[in-house]
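The numbers here are math on the coordinates, done by the rules we state, and not lab data. Just so it is clear, the model here is predicted, and its values are computed rather than measured. Cβ placement follows ideal geometry from the backbone for every residue including glycine, while neighbour counts extend to all protein chains displayed.
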Amino acid sequence: MTADPLLSVRGLRVQFALRGATLFAPPRQLAAVDDVSFELQAGETLGIVGESGCGKSTLGRALLRLLPATAGQIVWLGRDLMPLAEPAVRPLRRDFQIIFQDPLAALDPRMTVGDIVAEPLVTFEPGLPPSEVRSRVRDMLGKVGLSPEMLNRYPHEFSGGQCQRIGIARAMILRPRLIVCDEPASALDVSIQAQIINLLAALQREFGLALIFISHNLAVVRHLSHRVMVLYLGRVVEIAPRSRLFAAPRHPYTQALLAAAPSPDPRRERTKPRLSLSGDPPSPLDPPSGCAFRTRCRWASEICAQEHPTLRDDGDERAWQVACHHWEEIRSP
Amino acid sequence: MDTVLAVDDLSVRFASPEGEVAAVDGVSLAIAAGETLGVVGESGSGKSQLFLAIMGLLAANGRAQGRVRYRGRDILGLEPGALNAIRGGRIAMVFQDPMTSLNPYLRVSRQLSEVLVVHEGLSESQARRQALEMLDRVRIPDARRRFDLYPHEFSGGMRQRVMIAMALLCRPDLLICDEPTTALDVTVQAQILDLLADIRRDFRTAIALVSHDFGVIARLADRVMVMYAGRAVELADSQAIFDTPRHPYTRALLTSLPRTEPSDTPELPTIPGYPPNLQRLPPGCAFAPRCRQAEESCRATVPLLIPLGPGRSAACLKVSAA
């Protein structure tokens, strides 16, 4: 694949200023996302995994300019969004949408389902006749598996899974080219999760949609993604095609993460090697020197404390990148 | 069998403005010392209310009926004084969210030692010493330094360790864990599950593990009970549940799970529809409206749990016919 990417991100950094420790202390800087680079092709799904506080949701929002990034480039269809002011970004927004974890909280309780789904359409195409808006909304509700009779009902009348379908219809109504999905199935019951995952995959096939799929659930990410990015404390530790990453993860953190995810098979659960990590992720306010993972890594050596490992590849950036001083030595866990 | 907890035909009903709701309907189970029973189900399946009822912790509009015996002694409907002598001591509970279960105004040391002072009548200094030992035991790093901190100064994983330490202080013989790792990251979840496995081995604690996550259940449970709409629909050894699920609901749930191991099905098998509203349960089998095998009879008769072999039962008309 050498086509021009839909989205190309270079050295993205998102920094938050926090109140100082005391009243007159200078504000402290927290880098929630640090030096993140990747490319996304049209129709591709990039999974982003990592534990809470790793910056995955911040990254998703910063990509869509819903949060200000501090440094780096966000090149959308060849055009850097970073220097653009919000009025210049707004017309581009119809091409990139987002869906959230809590489907009910993301919907205005005082609007009918029809109005919720129609809102982006009315905003971006104010000249559209109401009959056309209505027919497109009906059409989209059908595509996400809701019956058009639901048009005049309110969000509270729906279950979590149905609300997520409404959120997806709203995101899809403008036929965007990219949807950032932030934990879209995590708040749903197991029997409903599969329905939403299938729906996203079907919409991707039908519309050639690119997805950035943010989740802590490795099985869901594995199922949907073409490539997977693993974040730790705001930095990319590994990014690789899905099958490679899950078959033979290179970064010790990815290895531990995959080993920790319980699978629904008691035999496997009781025999698989434990690569238990000790402790919790360090605070992003006070990250360790060098490699952020070294405090929990059994392979850590002197160089890990001194130098920050950069993302390296085997000559092909899209094939596999890993940020670890020692990955060649620890290939097989 | 050294039975710690035996529940017979337990039902939980809540009064609501729209009439009575049966959150739990005729559930029976038993847990032996050193054994872990996994209870799995989706939201509204009654899995949490079942154990809240067992502990006498139902909300004010809830009413439990049936029989609950702890070591042969009836504990359902016991007056609070008598119940408090057992719960928190002999039977302990760990909840999903450790932050809301800990008192934010009290140091961890105080909250832990208080349990020993109340239940075991220890002196303050004895209690502090034992509490600190237990924090070490649940592998809180640097426990001595952290002992006198407040709950907010702990991370989520460490707070859950504190909760588990608190639950273990009086060496309970039954530990009820309701979604103990749901709020935690996977690497921390793995640590907590390892810890529970160690506790079971070292103290022969009976564990009831309530979870919506089949992975967590597979990791720890010896036997599994699957619940749907307030009823137990299948009960079997853990391996059997995962290898050869018999109830159509269990089977459908397991096949709808995405897996981390290779399986390149582009489309996940799904369960149509949504979990039922307990206020408007259909007559007959509650799963029938979503079941691909349902027939006319399923919509008319509520299926009972039918034994299918040693330790194995399922509540489905189609299974009994097979």
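Key figures
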| item | result |
| --- | --- |
| Tail fraction, Cα-Cα pairs, region B:128-284, threshold 27 Å, whole percent | 38 |
| Enclosed volume per residue, in Å³, of the convex hull spanned by Cα atoms of the protein assembly as shown | 184 |
| Gap separating the Cα centres of region A:288-306 and region B:291-322, nearest whole Å | 56 |
| Average other protein chain Cβ within 10 Å of Cβ, residues A:213-219 | 3 |
| Inter-chain Cβ neighbour average for residues B:235-247, partner chain, 10 Å | 2 |
| For A:GLY47, residues with placed amide H under 5 Å, excluding near neighbours | A:PHE213, A:HIS226, A:ARG227, A:VAL228, A:MET229 |
| Region B:180-322: relative contact order in percent, alpha carbon pairs under 8 Å with at least 6 residues between | 18 |
| Hull volume in cubic angstrom per residue (convex hull over the Cα atoms of region B:35-107) | 151 |
| Translational diffusion coefficient (Stokes-Einstein; Kirkwood radius from C-alpha pairs) of chain B at 37 °C, 0.692 mPa s, in µm²/s | 157 |
| Cα convex hull of region A:249-333 - mean projected area over all directions, nm² | 6.9 |
| Cα convex hull of region A:58-123, projected area averaged across orientations, nm² | 5.4 |
| Separation between Cα centres of region A:145-214 and region B:191-217, rounded to whole Å | 35 |
| Principal-axis tilt of helix B:186-203 within chain B, Cα atoms, nearest 10 degrees | 80 |
| Contact order relative to length of region B:53-188, as percent, for alpha carbon pairs under 8 angstrom and 6 or more apart | 33 |
| Karplus-derived HN-Hα couplings along region A:233-249 (A = 6.51, B = -1.76, C = 1.60, θ = phi - 60°), whole Hz, x at Gly and Pro | 6, x, 10, 6, 9, 7, 9, 7, x, 3, 5, 5, 4, 6, 7, 8, x |
| Cα-only Debye scattering, region B:58-176: base-10 log of I(q)/I(0) at q = 0.09, 0.12, 0.20 Å⁻¹ | -0.27, -0.47, -1.10 |
| Burial ranking of peptide ranges A:58-70, B:30-42 (average Cβ count within 10 Å, highest at the top) | B:30-42, A:58-70 |
| B:ILE306 long-range amide H proximity, modeled H, under 5 Å | B:ALA314, B:ALA315, B:CYS316 |
| Dipole of the protein assembly as shown, positive direction: furthest Cα of A:GLY50, A:ALA62, A:GLN29, with charges on the beta-carbon | A:GLY50 |
| J(HN,Hα) series, region B:175-184, from Karplus relation 6.51 cos²θ - 1.76 cosθ + 1.60, nearest Hz, glycine and proline x | 10, 9, 10, 9, 6, x, 10, 5, 8, 10 |
| Likely footprinting exposure, A:LYS56, A:LYS143, A:LYS272, fewest C-beta neighbours within 10 Å first | A:LYS272, A:LYS143, A:LYS56 |
| DSSP-defined antiparallel bridges as percent of all bridges, chain B, nearest 5 | 60 |
| Share antiparallel - DSSP beta bridges, the protein assembly as shown, percent rounded to 5 | 60 |
| Whole-Hz ³J(HN,Hα) from phi, Karplus 6.51 cos²θ - 1.76 cosθ + 1.60, for region B:121-132, glycine and proline x | x, 6, 6, 3, 6, 4, 4, 4, 5, 5, 5, 5 |
| Beta bridge orientation in chain A: antiparallel %, DSSP, nearest 5 | 60 |
| Under 5 Å, built H, 5+ apart or other chain: amide partners of A:LEU6 | A:LEU40, A:GLN41, A:ALA42 |
| Degrees, to the nearest 10: B:156-168 long Cα axis against longest axis of chain B | 80 |
| Angle in degrees between helix B:108-120 and the longest Cα principal axis of chain B, rounded to the nearest 10 | 80 |
| Solution diffusion estimate, µm²/s, Stokes-Einstein, chain A, Kirkwood Rh from C-alpha pairs, 25 °C, viscosity 0.890 mPa s | 115 |
| Order of A:HIS326, A:HIS223 under a 10 Å beta carbon neighbour criterion, fewest first | A:HIS326, A:HIS223 |
| Peptide B:181-192 - average C-beta neighbours from other chains (10 Å radius) | 6 |
| Signed unit charges on C-beta, dipole axis of region A:249-333, positive-most listed residue A:PRO273, A:TRP327, A:SER289 | A:PRO273 |
